[in-house]
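One structure is given below, encoded as structure tokens.
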Amino acid sequence: MKVLITGGAGFIGSHVVRLFVNKYPNYTIVNLDKLTYAGNLANLKDIENKPNYTFVKGDIVDADFINKLFQEHQFNAVIHLAAESHVDRSITNPLEFVYTNVIGTVNLLNAAKTLYKADPSKFTKFYHVSTDEVYGSLGDTGMFTETTAYDPHSPYSASKASSDHFVRAYHDTYKLPCVISNCSNNYGPYHFPEKLIPLCINNIKNNKPLPIYGKGENVRDWLFVEDHARAIDVIFHNAALGSTYNIGGHNEWTNIDVIRLLCDMMDDKLGRPKGTNQQLITFVTDRAGHDLRYAIDSTKLQKDLGWKPSLQFEEGLSKTVDWYLQNEEWLTNVTSGEYANYYEKQYQN
Ligand code: NAD
Ligand code: TYD
């Protein structure tokens, strides 16, 4: 089986590529990535020389390139993770999200459709990796299920919702064999330090302010990234065509509680007196259109396919902090140059 994984040099994609390359030596894994600011081949150093792994640099927005790539490789399946993924960037530059997340996805669907029509026995699956943010925002109670109506609020979630709709449309209209999953917030190694948890780990390490939007009362449902990768493996191999699965850890935290926990944990790990890091907490202007609460009901995945999260949040967060403290070079590389300027400007806003 020859599997195309898009966005494999990013945060979640690199964990999925690593899992598939190591677990399935008989598969050929082709990782297609544009290497935007979020894509980093250093994330895959440990597997880059494996015989069943190939990297291709390219842009999913370029339809000609995508069609040629599919014809050349005759993929049997696609796992699509490539995306612009940061809500704050989508507020600054929504069109970039339309190009990559919507047009890029449709380009991949078209190329997959051509292979599927040529030989339906050979192209067997288009797996689209999506987010719980398509469902919008919850109040104090309730959870997102697979049948919750879409109600996106940010340009990022609107672009992901649009891509999900296109995937379903290609399944229903052209019988393209598609599967979708919608996952809650991930955390773990190789997470780009513009997102809440790695940003705060980096700032605590450097004694910089921790910018908390609004009052820090927004709730996210955190899942360790390797648990997401395992869920993708299980769904890829076992889900019925045309189905959707929600993935989440039943692990809701307000942002301020996450950051207080992180501060205390890093006081211990860095040998600072208890309470030191919490003094870095700084409340800043709220994000526009900020969703109040996300919570995923993953009962369907747990009951149908037997997946469950493997780690408690405190354990996963501790592993994550240790990884960042041990991988100083990775952190320095991704926070230097152009990105560092962006990061400073964001905070000043
Ligand atoms: P990321 O931003 O870390 O990585 C995205 C990858 O896509 C990068 O390697 C980047 O270079 C690549 N890419 C971007 N534009 C491209 C283009 N035009 N052509 C080819 N490659 C391109 O993102 P992530 O956090 O790893 O998210 C991966 C996927 O999972 C996304 O589809 C995202 O919507 C979804 N998701 C993320 C989370 C989360 O918490 N991070 C949760 C649920 C779902
Ligand atoms: P983020 O990591 O950007 O993920 P998402 O917006 O996809 O959920 O943000 C997680 C939460 O943390 C979200 O409620 C916004 C908040 N947040 C801050 O308070 N400060 C920050 O600097 C960032 C990046 C996020």
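The values are calculated or read from the model by the stated rules, or taken from the named source; none is laboratory data. Worth saying up front: this structure is predicted, and the values here are computed from it rather than measured. Here the Cβ is made from the backbone with ideal geometry for all residues, glycine too, and neighbour counts use every protein chain on show. Please note that ligands, DNA and RNA were not included when accessible areas were found on the heavy atoms of the full protein model with its side chains. Shrake-Rupley method; radii C 1.70, N 1.55, O 1.52, S 1.80 Å.
Among the residues making up segment 186-198, those that are over 23 Å from LEU95 (Cα atoms), assigned to a loop (DSSP other than H, G, I, E, B) and near ligand 1 (Cβ under 9 Å from one of its atoms) are TYR190, HIS191. Open to solvent by 60 Å² or more (accessible area, probe 1.4 Å) and free of Cβ contacts under 8 Å to residues at least 40 places away in the same chain - does that describe any residue in segment 263-271? So far as segment 263-271 goes, yes, one or more of its residues are open to solvent by 60 Å² or more (accessible area, probe 1.4 Å) and free of Cβ contacts under 8 Å to residues at least 40 places away in the same chain. Here GLY216 fulfils each of the conditions (1) more than 24 Å from THR147 (Cβ to Cβ); (2) open to solvent by 10 Å² or more (accessible area, probe 1.4 Å) apart from (2).
With a cut-off of at least 2 residues that are modelled with pLDDT of 95 or more and more than 20 Å from the chain's Cα centre (by Cα), name the helices (runs of 4 or more DSSP H) lying wholly within segment 221-338.
Numbers: elements: 225-238, 255-270, 299-305, 313-326, 328-334.
In segment 221-338, the matching helices (runs of 4 or more DSSP H) lie at 255-270, 299-305, 313-326.
Scanning segment 129-161 for residues that are open to solvent by 30 Å² or more (accessible area, probe 1.4 Å), within 15 Å of ligand 1 (Cβ to nearest atom) and either part of a helix (DSSP H, G or I) or charged (D, E, K, R) (or both) gives GLU146, PRO155, ALA158. Of the residues in segment 165-181, at least one is within 10 Å of ligand 1 (Cβ to nearest atom) and under 21 Å from VAL106 (Cα atoms).
Answer yes if at least one residue in segment 93-108 is charged (D, E, K, R) and either surrounded by 19 or more Cβ atoms within 10 Å (Cβ to Cβ) or more than 20 Å from the chain's Cα centre (by Cα) (or both), and no otherwise. Scanning segment 93-108 turns up no residue that is charged (D, E, K, R) and either surrounded by 19 or more Cβ atoms within 10 Å (Cβ to Cβ) or more than 20 Å from the chain's Cα centre (by Cα) (or both).
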